[in-house]
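The values are calculated or read from the model by the stated rules, or taken from the named source; none is laboratory data. Since the model is a prediction, treat every value here as computed from it, not as a measurement. Quick reminder, even Gly has a Cβ in these numbers, built from the backbone with ideal geometry, and neighbours come from all protein chains shown.
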Amino acid sequence: MTTTPTDPMIGRLVDGRYQVRSRIARGGMATVYLATDLRLERRVAIKVMHGHLADDNTFKTRFVQEARSAARLAHPNVVNVFDQGQDSDMAYLVMEYLPGITLRELLKDYKKLTPEQTVDIMDAVLSGLAAAHNAGIVHRDLKPENVLLADDGRIKLGDFGLARAASANTATGQALLGTIAYLSPELVTRGVADARSDIYAVGIMMYEMLTGEQPYVGEAPMAIAYQHANDTVPTPSSKNPAVPAELDELVLWATARNPEERPHDAREMLERLREVEPAIRAPRASARVATQATMVLPDRAMPLGGATAETTVLGGAAPVIATATLDASDRDGAGEDTTALVSATARRKRRGYWVFALILLLTGLAAGTGWYFGAGPGALVQVPDVSTQLPENARAVLEEAGFEVVSGERHDPLIPAGQVSGTDPEGGTQARRGSEVTMLVSLGPQNLPVPDVIGRAEVDARAALASFTVAEQNVQQYSGDVPAEHVIALLDAAGNPVGAEYPELGALTLVVSVGPIPDVTGLPVGEAEAAISDAGLQFSYADAEFSDEVPADHVISAGPASEPVHPGDTIVITASKGPDLVEVPNVITGQTVAQAREQLEALGFTVSSNVPAFLEGAVVASVQSPAAGERLKRGSEVTVNFG
């Protein structure tokens, strides 16, 4: 893109070190400038985040992440990152400067590449990617725009803005930030990215390089995502018969829907590519066509015998013109021949003037056409990518590129409402200067009906919810009504039950049953503790209780401390103390019947006696039954009599 003198960055000294010279490119998140590192006296590329994104922590984090991820890599096929910092309110990233083009621009010019060219580029891409995977980095945004082809022949992998550590493979609402055309099935359905997700994107790139088109197309991002999740990538040779079987197999291996069936990482795929490379580069038989030279004879060399051909194929000896003495009749005939020859020559000369004039006219038309389509109003220019920009900023960028801007709207599950979600024609494609470009402002995600997945198996529920982003990590919950690995509930991003509709690609979480809480009633307390622990739960004890039915040190009851019950929660056990037995005291040691009654009733016994109630205070008890020392249940009857 040609730099305009109105750009305030041109000429600016960033952080007292980097002198900005010109603008190289502008993207949705940042603008890249050519600058001079005054300290080391070298040319660098400086990437400056757009000012309107400076307050967005998500974009800031991605911007800094790119610097940290790329800075960890030192490889000939990875763009070097030299520095990262903040100058006033401007965040910037300093990289090595690579004059050249991207793989996307190469594909626009040539549509598709030869198998040999594909192998050359993929060898470099996989080498750089293998270094990233070896360092524990997953790129997550591989696409032709991020493969740089330098003028000196170097091929480098850049733009680690979405990179993550390989261990951090669980994503939520931002799982689909990468370009939808290259997203792996597991990123679409589960939001999970690891090294094998990068391999899938490499396979899609190979398919596009070999066929000139992407395997999946659609009018909406969700349609493309659905194909990634449910379809199998076709072989490149089905579109381009010139593709060898070795590359067909490599593409199918890399794009297997099941991550377990793909190469483990870029190193494994690179080794396989180098194994089949000799077979791909094997010389092919080429047909040879015999040609015979032709020679154009000038007019003065043409025989006078009436020949009109302007070209003569010279076989052996050169043609010979014979001469003879002419009689009268011959002279008359010769006169007629001469007249005819003169007329033919005149006609040829007039035709030459017309041909010359026609050539001049065609030359003028060609020059005018070349100007019109090369530099004039009909010239093809690249539509800038203005995704995620505010409408007023995007309009200015598009008009600066020479387009007439028309406003439009569309739902977009990835771009926040109010920001530009894209253009028609798409950013990065070629369009006529002065033509109409529709700037599509995001309305945010559209609301979609939510399938009823309660009671369904987890795997079936995830397939039914492909239009949303379902968290990889379930909420596990015990249930006596729902079988294990079946869905109990579906929660929204706030943890509340989901309604009938929900935003496209919105974050959802499945609550999945782990089966019932183990029933430990009646078990010895030791066995009960083991069963509860094996089920992933904790236990505690309530006060033990007497029980006539449950033996001592066995479980009378066990229940959760709170509802609902999740792994790690506590089950409260109530243990039995056995029957409630009390030892009968000796009450015939000089006590009156009234005193004996009071003592026995205090222990929970009922008392009967043959002494009238009005005499119990005066009569000394002399007989008791049962005898002292026996153990009875509370409430049992003890008899106290006067002997």
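Out of the range 561-576, which residues are assigned to a loop (DSSP other than H, G, I, E, B) and surrounded by fewer than 17 Cβ atoms within 10 Å (Cβ to Cβ)?
Ala561, Ser562, Glu563, Pro564, His566, Pro567, Gly568
So which of Ser533, Ser540 ends up being outside the structural domain of Lys633 (by TED's automatic domain parsing), in a strand (DSSP E or B) and farther than 25 Å from Leu581 by Cα?
Ser540
Filtering the range 479-500 down to residues that are in contact with a strand residue (DSSP E or B) (Cβ under 7 Å, 6 or more places away or on another chain) and either of a type outside the set (A, V, I, L, M) or in the same structural domain as Gln227 (by TED's automatic domain parsing) (or both), which residue is nearest to Leu183 (Cα to Cα)?
Asp492
For the range 231-242, what are the residues that are free of Cβ contacts under 8 Å to residues at least 60 places away in the same chain and either in contact with a Phe, Trp or Tyr (Cβ under 6 Å, 6 or more places away or on another chain) or assigned to a loop (DSSP other than H, G, I, E, B) (or both)?
Of everything in the range 231-242, those that are free of Cβ contacts under 8 Å to residues at least 60 places away in the same chain and either in contact with a Phe, Trp or Tyr (Cβ under 6 Å, 6 or more places away or on another chain) or assigned to a loop (DSSP other than H, G, I, E, B) (or both) turn out to be Asp231, Thr232, Val233, Pro234, Thr235, Pro236, Lys239, Pro241.
How many residues does the range 473-522 contain that are among the acidic types (Asp, Glu), surrounded by fewer than 18 Cβ atoms within 10 Å (Cβ to Cβ) and closer than 30 Å to Asp412 by Cα?
Of the residues in that region, 2 qualify.
Is it true that some residue in the range 130-147 is of a type in the set (Gly, Ala, Ser), over 21 Å from Arg26 (Cα atoms) and either at pLDDT 90 or above or in contact with a Gly (Cβ under 8 Å, 6 or more places away or on another chain) (or both)?
Scanning the range 130-147, I find at least one residue that is of a type in the set (Gly, Ala, Ser), over 21 Å from Arg26 (Cα atoms) and either at pLDDT 90 or above or in contact with a Gly (Cβ under 8 Å, 6 or more places away or on another chain) (or both), so the answer is yes.
Can we say Ala175 is surrounded by fewer than 22 Cβ atoms within 10 Å (Cβ to Cβ), small (Gly, Ala, Ser), modelled with pLDDT under 85 and on the phi < 0 side of the Ramachandran plot?
So Ala175 does not fit the description; no.
Can you find even one residue in the range 439-461 that is on the phi > 0 side of the Ramachandran plot, crowded, with 16+ Cβ neighbours inside 10 Å and under 26 Å from the mean Cα position of the chain (by Cα)?
Within the range 439-461, one or more residues are on the phi > 0 side of the Ramachandran plot, crowded, with 16+ Cβ neighbours inside 10 Å and under 26 Å from the mean Cα position of the chain (by Cα).
Which one of the conditions (1) under 30 Å from Val514 (Cβ atoms); (2) out of contact with any helix residue (DSSP H, G or I) (no Cβ under 8 Å at 6 or more places or on another chain) does Ala613 fail to meet, given that it meets all the rest?
(1)
Any chance the range 563-572 includes a residue that's acidic (Asp, Glu), in contact with a strand residue (DSSP E or B) (Cβ under 9 Å, 6 or more places away or on another chain), closer than 30 Å to Pro516 by Cα and at pLDDT 90 or above?
Yes: one or more hits.
Quick one: would you say Ser533 is under 20 Å from Ala558 (Cβ atoms) and either at pLDDT 90 or above or within 25 Å of the chain's Cα centre (by Cα) (or both)?
yes
Mind listing just one residue for me: the one in the range 206-230 that is hydroxyl-bearing (Ser, Thr, Tyr) and in a helix (DSSP H, G or I) and, of those, surrounded by the fewest Cβ atoms within 10 Å (Cβ to Cβ)?
Tyr226
Given the conditions (1) among the hydroxyl-bearing types (Ser, Thr, Tyr); (2) part of a loop (DSSP other than H, G, I, E, B); (3) at pLDDT 90 or above, and given that Thr589 satisfies all but one, which numbered condition is not satisfied?
Among (1) among the hydroxyl-bearing types (Ser, Thr, Tyr); (2) part of a loop (DSSP other than H, G, I, E, B); (3) at pLDDT 90 or above, the lone unmet condition for Thr589 is (3).
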